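Coordinate-derived values only; no laboratory data. Bear in mind the structure is a predicted one, so any value in this text is a computation, not a measurement. Cβ atoms come from the backbone with ideal geometry, glycine included; neighbour counts cover every protein chain shown.
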Amino acid sequence: MLEKLQKNAKITLSILFIFIGIVLLSYNYLGSIKSNLFNEKNIELLSQQIELPEEIQTIDEEEPDITTQVSPSPTAYIGWLEVPDVNIKRGFTDFNSPDNKLSKNILLVTGSSMPDVPNGNLILAGHNGRSKVSFFNDLYKLNDGAHAFVTYNGKKYDYTLKKRYDVPKVGTITIERNPNVNTLTLITCHRTDNHTQVVFIFELENITKA
């Protein structure tokens, strides 16, 4: 009789442990779904529509309105962008500067925030191609994890490339990014598709003195 009771107790405990295991797995699974939905909602809420005042192009030959332009002196720049893996080093001017144009420099896009703004997004655009103003021609060569540096207001901001995606060239661009980090967004046109632009999303990793 005692042996039978012990056997029944073992069976009952086994069933109980299996039930507890199923409950824990279900809880973790539902928690994961809830977390993913929350993250997707955050990304959706942070989708940012920007307008480009000029069309980003692939420019392989100099055009008259470009060759006659004179870039500002280095002191006119409010910040500098460096992407060592593709030999980019170029300044950018203030929003309202007459030199804040794709025909002269990389463009500081309206809607940007400076690197020192918590969880902000610095947005820069540039031409593709082989002209003197095709500053973003080699961005396509970057691998995920590549670094970009922005020097601004006495500090150097180190960003890491997290993702890239294509968008249609329709005058506006949707930027989707993590709302909880400081971001650098670089935009240029697609190398082989004149109707498409490429968005590169970098996230801040470190800040040092310039």
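Brief remarks follow.
- Region 99-156 shape via C-alpha gyration tensor axes, a/c threshold 1.5: oblate
- Spacing of the two label points (7 Å from each Cα toward its C-beta) at VAL167 and SER113, in nm: 1.7
- Label point 7 Å beyond Cα of ARG191 along Cβ direction - residues of region 137-171 with amide nitrogen under 16 Å: 137-144, 164-166
- Of HIS190, HIS127, the sequence from fewest to most neighbouring Cβ atoms within 10 angstrom is HIS190, HIS127.
- Length gained when the stretch ASN180-ASN96 is fully extended (0.36 nm per residue, less Cα-Cα span): 27.4 nm
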